[in-house]
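The values are calculated or read from the model by the stated rules, or taken from the named source; none is laboratory data. It should be emphasised that the depicted structure is a prediction, and the values quoted were computed from it without experimental measurement. Ideal geometry is used to build each Cβ from the backbone, glycine not excepted, and the neighbour counts take in all protein chains shown. Calculation scope for accessible area: heavy atoms of the full protein, side chains included, ligands and nucleic acids excluded. Shrake-Rupley method; radii C 1.70, N 1.55, O 1.52, S 1.80 Å.
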Amino acid sequence: MVTANQRFPIFYPEKRPFFLEGIDVFRTPITVVHTRAIVDPDIAVKTTGKLGRNTFGFMVASDNGPGSFVGSERLNPANLPFLDKNAYIGVLRLKRDVGKENTLGMLATSYNFIQKHNQLLAFDGRYRLDKQTTATFQLIGSNSRNFFFDPNEGKTRYRTGNGFGYSADYNVSGRNWGWELYGEGFTQDYRADVGFVQRTNSNFSSAFLRYNSDKDPKKKIISYHVHNFTHFDYDWQGRMYVWETEFAGELSLPRSSYLGGFWEPAYERLFEHEFGPTRTARACNPFLNCTFYGESDERSTSKQHISVYGGSNYSKKIQFSGQYTNRFGHLDLDFGNGFKYPRVSPAALLLGQRAPLDPGRGHLIQLSAGVTYQPTNELRMSLNLNKQRLTRYDTGRVAFDVDIWTFRGTYQFSKATFARVIVDYNTLNSRVRSQLLLGWTPSPGTSFYVGYNDDMNYSSPNPFTGDLTPGFRRNSRTFFIKMSYLFRKSF
């Protein structure tokens, strides 16, 4: 996944079997439970079940992740209060069936670690109004004791923050026509430390309309799909910062093939207070030391996105897919992207890398492609490329150009026993990561793994001296054995 030019958290799905078991019980329209927030549990206990019309789930964990420091980090005086301390997490989920296809539910979470405390309570419901129509909602309240940054003061204060979140959805899904209205939002102090949220002080309102043709397997074009998806994003002060409207179409073709594309006019707006102190918080020179460079404390852009994509299960042995996207007017946030791609804004070129931020418009190219080859039932191999390149309009410089190559090979010796190799190469930081794994999984929740991880950089700066190190430099390598056994008890 490309992480260059990102200012919000990126969602990574859970893959650990213990947390995946019964995870549907804890899922709600808004992700208030995301078990990857439990980084390195010393112990975790979970139970889920259903009694009559009532579904329940309960989970507690002691997480060593927040207090785990290595090397010189353990000697840093700032880390001493947190050293080897654990965070304590609790989750309670209750849901009741009302009628045949309606539900009402409650979910509560708790996260506590030294100076970081978060309690959350949510209520949600789902109603089927007729065969085609459903309505869902969720209301959330959060209470946190944590550090909050105030851009108008330019200071971070340890205080109590109360937050509110909501979501509402109305969905009509027919055989051919379908439409949906959706909205969600979070206040400035909303926190979900056991869950996931990308952006606070935000509201998202969207409308979706689609048409699916009837399928006819005998035709060259088996079916087609067209849709429009439009959304408006604005803060709780009423300032709109994003709108997009997507017009898309897709053809279903023989051999499980498809071909599609979309056009997406859009608008985006940045505010200085989202990146640091405002100009009212301190006396600053806009051409020297404000958060944003220049007279304006905003940036905005009109954008055009054009994309084509396609794929095919060409045969039992070969499958492939790809997508090419041009994003005209895309904003470079001017963060810089490693030693290969320092900041290239006018401010950075004039004043150096410590200049105020100077976000600007540019042209982003995105390419993703993959091919899978399965010569036998037991052997399966795939190669994927994810490429992004952003060039600024004002300076003509490349803000970043990254290629991520991923090779994956699996050999299935039997239904339960397999061997797997994965190799990733990221050109942005010249990083090569690989994994060799031998696994035995006779039943869900019961497994035995033996593996080896390797992490290297090629011709990159030494993290301690900053000098360029030619050839390969190993960051770490790990041999590991993992075992699990799932105890099930029915009530």
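Structure above, values below:
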item	result
Rounded to the nearest 10 Å², the accessible area of Arg191 at probe 1.4 Å	70 Å²
Long pairs among Lys303/Lys387; Lys155/Lys340; Lys340/Lys387; Lys219/Lys415; Lys100/Lys215; Lys85/Lys482, criterion Cα-Cα beyond 27 Å	Lys155/Lys340; Lys219/Lys415; Lys100/Lys215
3J(HN,Hα) from dihedral phi, the range 127-134, Karplus parametrisation 6.51/-1.76/1.60, rounded to Hz, x for glycine, proline	10, 9, 7, 7, 4, 10, 10, 10
Correct option for Rg and Dmax of the Cα atoms in Å [calculated from the coordinates] among (1) 25.3, 72; (2) 21.8, 69; (3) 54.2, 180	(1)
Total charge dipole magnitude, the chain, about the Cα centre, Cβ charges on Lys, Arg, Asp, Glu only, Debye to nearest 20	1500 debye
Prolate/oblate/rounded call for the range 72-132, Cα gyration tensor, a/c under 1.5 rounded	prolate
Heavy-atom surface of the chain, accessible at 1.4 Å and reported per residue (Å²)	56 Å²
Summed side-chain charge close to Asn384 - residues other than Asn384 whose Cβ falls under 10 Å, Lys, Arg +1, Asp, Glu -1	0
Trp236 accessible area, assembled protein chains, probe 1.4 Å, Å²	110 Å²
Charge-dipole axis of the range 111-203 as Lys and Arg at +1 and Asp and Glu at -1 on Cβ define it, positive-most pick from Ala135, Tyr158, Leu121	Tyr158
Total formal charge among the other residues, if their Cβ is under 15 angstrom from that of Asn102, Lys/Arg +1 and Asp/Glu -1	+2
At most 10 other Cβ within 10 Å, DSSP loop - trypsin sites (Lys or Arg not before Pro), the range 1-42	Lys15
The range 1-43: chymotrypsin sites (Phe, Trp or Tyr not before Pro) in DSSP loop, at most 13 other beta carbons within 10 Å	Phe11
Cα centre as origin, Lys/Arg/Asp/Glu Cβ charges: the range 39-120 dipole, Debye	500 debye
CD proxy at 222 nm, helix term only [per DSSP H run n ≥ 4: -39500 (n - 2.57); per residue of the chain; nearest 500]	-500 deg cm²/dmol
In sequence order, calculated HN-Hα J values of the range 436-443 (Karplus, 6.51, -1.76, 1.60; Hz; x Gly/Pro)	10, 9, 10, x, 9, 10, x, 7
Extension gain, Lys220 back to Asp84 (0.36 nm per residue minus Cα-Cα distance, nm)	42.7 nm
Cα lying deepest toward the dipole's positive end in the range 1-123, options Gly105, Phe11, Tyr88, charges on Cβ	Gly105
Rounded percent of accessible protein surface that carbon and sulfur make up, the chain, 1.4 Å probe	58 percent
Gained length - Thr280 relative to Ser256, 0.36 nm times residue gap less alpha-carbon distance	2.8 nm
